[in-house]
Amino acid sequence: MKKRIFITLFILIICVSIFYICIKKKVDFKRVELNVSKSVNSNILKSYNLKSFNVNQTKYYQRGGLTIKGDLLVLEGRGQKISLEPNLKGNFIFNFELFVKIDNRISIDVYRNDIKIIKKRFYKTGKKTIKRKLKLSTKDKINIEINGNGAVIIGEPIFYKTKPIEQRQYVFLICADTLRADHLPTYGYKRNTAKNIHSFSKDGVVFKNAYSQSPWTLPSHMSLFTSLYEFNHGMKRGTMLSSGINFLIEEMSQQFSTRSLNGGIYISSRFGFFRGFDYYKSIGNDQGSSYASKNLFNLAIKDIENNNFPRSFYFLHTYQVHSPYNPEIKHLNVFNKDPKYTSLSAPTVGSNHREQFAKLSKDMKYAYIDLYDAEILEFDLWFGKFINYLKKKKIYSNSMIIFISDHGEEFFDHSGWGHCHSLYNELIKVPLIVKFPKEEFRGKNEEKEVALIDIMPTILNYYNISYDNKNVDGLDLIQVLNGKSKDRIIISSITNGFYVPALPFKISIIENNNKIIYNLPYTDKTKSFFTPPPPEYSKYEYYDLSKDSRELYNKYIENMMKVKKFINLFNIIVKKGKINIKRDGEKVTIDKDMINAFKSLGYL
Ligand SMILES: [Zn+2]
């Protein structure tokens, strides 16, 4: 008996030790809370041109297009000290990012216990990074001493062990805003607009039937990051995402450094898109620019070069193909040797969408399409250069690279222009190509219908990061690829967060190539907003996408029973949408820069 107890105890001790070693070994990335700033007077924030956000006890500070997760120190000639207790043993890299607003000079000294290990002096306002290799003992303290005059945003300190570049894990979520799937050769387009995307697609999975949850930027991206339908996240203009809703980058940041370079405007920080990101940078002055993609990918490469975290998540976004269509002439000439127009804005621009349904000549339509396709070519060129960079640096193979768009663009396919106004496939069918690490599932074409809400659950599951999977609308795409996903419907909707308030509610449901659209009617008043008035829609539309992919023949009468099963669901969604519209969110202030940016995109 005694022997048995002894053996059991021995085995238990061995198991606990193995478990302990495993846990210990796994710590190669640790965030340490700063927790220094007391509530900062709003006048001080104003004087330094700063905005602050506090979401679920996490602080973020924004200046211009840059938002950093961290704390704020306002120096008034007195020195300030921060003490960190990383509670780690071994060799680590200690890293934190800063934004310093200098009045004259700011000095930063870092000590390991009493030994000075970093001495920095800053004379110019701007973003900086402090990084240092350290050998730590469990009880070591890191003391940061800051002196001078000005304000310092200190990013959350991260202690990490780096790895050889080919072993690091990168996730790149790349979004070309406003890119309809059927204008890519990978999705059957006759023009060769994107040879680099096409060759990239062969290393990954092409989801042939991927849908966005909304036909415009703000709610669509919010669905992407929350994995919720637009009527569930309730996001609308002039509000910030409710702190009660999970923004899944927060979960991602448990194990990854989280960074974004993006086009801002309707995905700028003020709506809550900064949440969970260590570094959220909306690039200014590139809206409507021919060089938006070039800027984006060059900045991304610079950021990759400057960082060596073991795991990094990047959200890279550009408005390159969004109106105004303003491509380089050499790209336009690929599709039209003698173009009449070298730059155009969608007919929605300048009319605040009043002319969304204007009938234009066929020549104009093709002029728009040539310009749009040339913008895709421009994006593709820089996308290709970025992929080549990743390959050259040996980053590519171990990376997960996801290529998407948030919605498409209409060229009078259904008597309209631009986006935000309908749920036909030219607006909601988007590219979705996923290259998994080590090219798993390489070359697969997946026909099953999937959605942008599936992306975050896929990434989080793949890297074993826990999240509240009961409160998401999306599912893990790996289940789809393994044929283990249940039958599902994909919903897209316009029920809150309207870009154009005169538009009525619309809901679409797609299920195994059956597509149903539910239209609430215009009122005389909302109809009169548009010149000419919008086309007449029947209350229900039904299309068999396997025979009528362009949704030209409404077969509602013949398929009344298929439509009927969704009527209750439509009513619930409509009710929810109406509640969301009445609900007051946290107000978002729109500043001058924002208005100008909106104007440049044709949003005002
Ligand atoms: Zn968009």
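Rule-based calculations on the coordinates, nothing more; no lab input. Bear in mind that the values here come from a model prediction, so they are computed numbers and not experimental data. Note that we place each Cβ from the backbone using ideal geometry, even for glycine, and neighbour counts take in every protein chain shown.
Could you give the size of the charge dipole of the stretch 29-161 about its Cα centre, using +1 on the Cβ of each K and R and -1 on the Cβ of each D and E, expressed in debye and rounded to the nearest 20? Can you show the working numbers first?
Details: 28 positive and 11 negative charges, 94 e Å.
Approximately 440 debye in magnitude.
Which net charge results when you count Lys and Arg as +1 and Asp and Glu as -1 among the other residues whose beta-carbon is under 10 Å from that of Tyr280?
Working: positive: Lys69, Arg259, Arg275, Lys281; negative: Asp278.
With Lys, Arg at +1 and Asp, Glu at -1, the neighbours total +3.
Cβ-to-Cβ counts within 10 Å put Glu145, Glu97, Glu355 in ascending order as Glu145, Glu355, Glu97, the fewest first. Charging the Cβ of each Asp and Glu at -1 and of each Lys and Arg at +1, and nothing else, the dipole of the stretch 118-174 about its Cα centre rounds to 280 debye.
In the chain, a dipole from Cβ-located charges (positive for Lys and Arg, negative for Asp and Glu) runs towards its positive end, and of Thr226, Gln57, Gln320 it is Gln57 whose Cα lies farthest in that direction.
Looking only at the chain, where both bridge partners belong to it, what percent of the DSSP beta bridges are antiparallel (to the nearest 5)? Beta bridges within the chain, antiparallel portion: roughly 75 percent.
Order by neighbour count: Ile489, Ile433, fewest other Cβ atoms within 10 Å first, most last.
Placing the least packed residue first, the sequence is Ile489, Ile433.
Taking a ≥ b ≥ c as the square roots of the Cα gyration tensor eigenvalues, with a/c under 1.5 meaning rounded and otherwise prolate when a/b beats b/c, else oblate, which class fits the chain? Here the chain falls in the prolate category. Putting +1 on Lys and Arg Cβ atoms and -1 on Asp and Glu Cβ atoms, find which of Ser201, Ile265, Thr458 reaches farthest to the positive end of the dipole of the chain. Of the candidates, Thr458 comes out farthest on the positive side.
For the set Lys190/Lys470; Lys330/Lys506; Lys391/Lys547; Lys202/Lys302; Lys470/Lys582, the pairs lying more than 32 angstrom apart at their alpha carbons are Lys190/Lys470; Lys330/Lys506; Lys391/Lys547.
Using just the helices of the chain, give the 222 nm mean residue ellipticity in deg cm²/dmol: DSSP H runs with n ≥ 4 each add -39,500 (n - 2.57), and the total is spread over all residues, rounded to 500.
Working: 16 runs with 162 residues, N = 604.
Mean residue ellipticity at 222 nm (helix-derived): -8000 deg cm²/dmol.
According to the calculation over all Cα-Cα pairs in the stretch 351-501, the P(r) per 10 Å bin from zero is 9, 29, 31, 23, 8, 0 %. In the stretch 117-192, with Lys and Arg counted as +1 and Asp and Glu as -1 at Cβ, which of these residues, Val171, Ile117, Ile158, has the Cα nearest the positive end of the dipole, that is, farthest along it? Farthest towards the positive end: Ile117.
Summing Lys and Arg as +1 and Asp and Glu as -1 over all other residues whose Cβ lies under 15 Å from the Cβ of Ser199 gives a net charge of +3.
Please arrange Asp487, Asp303 by counting, for each residue, the other beta carbons lying within 10 Å of its beta carbon, fewest first.
Ascending Cβ contact count within 10 Å gives the list Asp487, Asp303.
Placing +1 on the Cβ of every Lys and Arg and -1 on the Cβ of every Asp and Glu, with no other charges, gives the chain a dipole of roughly 2480 debye about its Cα centre. A compact globular protein would have a Cα radius of gyration near 2.2 N^0.38 Å; the ratio found for the stretch 276-317 is 1.26. Close amide H pairs (under 5 Å, H built 1.01 Å from N) link Leu475 with Asp454, residues at least 5 positions away or on another chain. Starting from the Cα gyration tensor of the stretch 283-404, take the square roots of the eigenvalues, sort them a ≥ b ≥ c, and report rounded, prolate or oblate (rounded when a/c is under 1.5, otherwise prolate if a/b is larger than b/c, else oblate). Prolate.
Computed from backbone phi with θ = phi - 60° and the Karplus coefficients 6.51, -1.76 and 1.60, the 3J(HN,Hα) list for the stretch 220-228 is 5, 5, 5, 5, 4, 7, 9, 6, 10 Hz; x is used for glycine and proline. Shown for the stretch 29-161 is the translational diffusion coefficient from the Stokes-Einstein equation, using the Kirkwood radius over Cα pairs, a temperature of 37 °C and a viscosity of 0.692 mPa s: 217 µm²/s. Each Lys or Arg adds one and each Asp or Glu subtracts one; over the other residues with Cβ under 9 Å from the Cβ of Ile165, this totals +3.
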